[in-house]
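S.K.: One structure coming up, written as structure tokens, with questions to follow.
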Amino acid sequence: PGHWCPSTPAAVAVVALRDALALAVHRIARQRPPGASNEPDARAHRPDEHGVKEMETLDLTFAAADARIKAVVDAEPSKTKSAAMCSRMTAENMKRIYDEDVGPASMGPPFTEATGLGWDTSTEPKNKADMMALAKLQNPVLGFWDPLNIVSDDVSPETIGWFRHAEIKHGRVAMAGFVGYCVHANGIHFPWNIQAPLPWSSVTSDLPTISFGDIAAAGSPGDMWDALPTAGKLQILLVVGFLEMHGENSIALEADGQKHYVRGGKPGYYPSFQGRYPHPVPLDLWDPFGFTKKMSAERKEEALRAEVNNGRFAMIGLFGLLSASKGLIVPPLDGIGIAQYSGEYMAPFTAADSALPFVKSMSGLIGNLGWTLEPQGLSL
């Protein structure tokens, strides 16, 4: 938090691989031999000056984590300081959700084993009764509707927190996506270029000029994504990855006085960028203009419930648009002339991006996933 920024993905990958190998060696060294006690040993033992083993506890407070990160980063060469900062922030985040005895299951949430960490003081819904009460507030007509029995009588609070956060996040993305789809489908675009030659190097000096109008002329919104330059797609995906990392990072959450949503924190909360990085960040991702800062807690809860309902409608609406663009019957969307998309929505890259590793072989599966439809039936 607030030391250095990422320099290159390669440097981040090298330092992250180094730390992952060190963690793997540490875990292997700590594996219990056959017949050993099953008592938790999440705290390491070390001998004191008299040779007597004492318990070493890990301080997970923000100040202690910040000091550990700074100690590691200060010892790094200048070229890898930023990569070390990203790697250590990730490691500190994992320390808050990982415990070798009672931590998350290896396959990750929503299968996280119940630990109860952080939930004893949390005011967020943590059981089926709480979720039934929340559902009644969100939609008094429908009430509690859980056909998959996700929120069962013995559900853990971690699972509830994970699913609530996932729904809020997906709803927000769907609201933005629904509006974006409508804007792009109507040919609305910026008037300038998205790419042009740059005389800074031999690589950039030969770049073709591509305008937003060129992208908009590709066809449906799906075709517009396919028409983006490979570098543009990578930039979008990397920015989304960074936003995801920042939003899931317990260090950033604790700096705002919050906790992770599987540790009793508020689902849907996105931490501020202010003071986290050495360069100025003028706006936050969530509420960049501070419209909600003066709202009371009750008003914020009411607004969040409305946001969840709007997000649910947006998810249904966006899937309706995508389905109609693939030729499916979606009344009334299939009758308003939505541009058809012949590509694969689940494939972020196409043959035009074959410069990337593995994309050339994967692009051959787009549209059929290895299967072809023949008059005699389905064959490989």
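The values are calculated or read from the model by the stated rules, or taken from the named source; none is laboratory data. Every value quoted in this text rests on a predicted model; they were computed, and no experiment measured them. All Cβ positions, glycine included, derive from the backbone under ideal geometry; neighbour counts span all protein chains shown. Note: areas computed on protein heavy atoms with side chains; ligands, DNA, RNA excluded. Shrake-Rupley method; radii C 1.70, N 1.55, O 1.52, S 1.80 Å.
S.K.: I want to make sure I understand the PRE zone here: with the label point 7 angstrom from the Cα of Cys182 toward its beta carbon, which residues in the stretch 197-236 have backbone N atoms less than 17 Å away?
M.R.: 221, by backbone N distance to the label point.
S.K.: What is the packing order of peptides 200-208, 338-346, taking the mean over residues of other C-beta atoms within 10 Å and listing the highest first?
M.R.: 338-346, 200-208
S.K.: Still on this structure: With only Lys, Arg, Asp and Glu charged, each at its Cβ (+1 for the first two, -1 for the last two), find how big the charge dipole of the stretch 239-380 is about the Cα centre; round to the nearest 20 debye.
M.R.: The calculation lands at about 320 debye.
S.K.: Okay, moving on. Summarise the accessible area of the stretch 249-370 (1.4 Å probe, protein heavy atoms) by the percent that is carbon and sulfur.
M.R.: Summing carbon and sulfur atoms, their accessible area is 65 percent of the total for the stretch 249-370.
S.K.: Amide H to amide H under 5 Å from Gln195: which residues, 5+ apart in sequence or cross-chain, H placed 1.01 Å off N in plane?
M.R.: Ile210
S.K.: Give the lysines reachable from Lys79 as a straight Cα distance under 28 Å; neighbours fewer than 8 places away on the same chain don't count.
M.R.: Lys70, Lys95, Lys233
S.K.: With Cβ to Cβ distances under 13 Å as the rule, what net charge do the other residues near Phe273 carry (K, R +1; D, E -1)?
M.R.: Net local charge, Phe273 excluded: -2.
S.K.: Here is a follow-up. Please give me the summed charge of the neighbours of Gln195: other residues whose Cβ is under 14 Å from its Cβ, Lys and Arg +1, Asp and Glu -1.
M.R.: Net charge around Gln195: -1.
S.K.: From the square roots a ≥ b ≥ c of the eigenvalues of the alpha-carbon gyration tensor of the stretch 257-351, which class results: rounded (a/c under 1.5), prolate (a/b over b/c), or oblate?
M.R.: Prolate, since a/c reaches 1.5 and a/b exceeds b/c.
S.K.: May I ask you to give the percent of accessible area on the stretch 103-238 that is carbon plus sulfur, with a probe radius of 1.4 Å?
M.R.: Its accessible area is 65 percent carbon and sulfur atoms.
S.K.: Place the peptides 290-299, 84-93 in order of packing, highest mean first, counting for every residue the other Cβ atoms within 10 Å and averaging per peptide.
M.R.: For the peptides 290-299, 84-93, the packing ranking is 84-93, 290-299.
S.K.: With every protein chain in place, what's the accessible area of Phe349 (1.4 Å probe, Å², nearest 10)?
M.R.: Surface open to solvent at Phe349 totals about 40 Å².
S.K.: How far apart, in nm, are two points set 7 Å out from the Cα along the Cα-to-Cβ line at Asp74 and at Asn127?
M.R.: Using points 7 Å along Cα→Cβ, the separation is 4.8 nm.
S.K.: Could you state how much accessible area Ile366 has, in square angstrom rounded to the nearest 10, with a 1.4 Å probe and all protein chains kept in place?
M.R.: The accessible area comes out at roughly 50 Å².
S.K.: So if each residue of separation counts as 0.36 nm, and I subtract the Cα-Cα distance between Phe289 and Gln138, what length gain in nm does that give?
M.R.: 51.7 nm
S.K.: At 1.4 Å probe size, what's the solvent-accessible area of Val155? Round to the nearest 10 Å².
M.R.: So the heavy atoms of Val155 present about 20 Å² to solvent.
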